[in-house]
1. Where the second residue is among the small types (Gly, Ala, Ser) and surrounded by 19 or more Cβ atoms within 10 Å (Cβ to Cβ) and the first is under 15 Å from Thr66 (Cβ atoms) and without any contact (Cβ under 8 Å) to a residue 12 or more places away in the chain and lies in region 27-50, which pairs have Cβ atoms under 8 Å and are six or more apart or on separate chains?
2. Pick from region 48-58 the residues that are part of a helix (DSSP H, G or I) and not hydrophobic (A, V, I, L, M, F, W, C): which of them is farthest from Met1 (Cα to Cα)?
3. If we scan region 59-82, do we find a residue that is modelled with pLDDT of 95 or more, over 12 Å from the mean Cα position of the chain (by Cα) and under 22 Å from Met1 (Cα atoms)?
4. Surrounded by 15 or more Cβ atoms within 10 Å (Cβ to Cβ) and among the charged types (D, E, K, R): is that true of Asp39 in this structure?
Amino acid sequence: MSPDEKLVYMANQIGKFFHHRPEAQAAADTADHLRKYWDPRMRHEIVKLLNNGAQGFDPIVKKAVTTIAVDLRDHHLHPLAPEGEE
């Protein structure tokens, strides 16, 4: 299994944990888990994989990663000011 396949596999395992919930909630909970527990480099990589058309994403995970992509884009466009600056 390649590193890219492994990342998709791990994300799908997380999504599978939330599959018993309604789809929107499962996607939100999966995205929340990725935000809280995945290193930023992993989050960037999974977004890149999805954007580049990688296969094998569970539909719930696709939605979660799309949400993460929006978070990353918004942060890039509007990064938080360094502490003490407003």
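1. Correct list of pairs: empty, since none qualify.
2. Applying the filter and picking the extreme gives Asn51.
3. So far as region 59-82 goes, yes, one or more of its residues are modelled with pLDDT of 95 or more, over 12 Å from the mean Cα position of the chain (by Cα) and under 22 Å from Met1 (Cα atoms).
4. no
The values are calculated or read from the model by the stated rules, or taken from the named source; none is laboratory data. This structure is a prediction, so every number in the text was calculated from the model and none was measured. Positions of Cβ are backbone-derived with ideal geometry, glycine not excepted, and every protein chain shown enters the neighbour counts.
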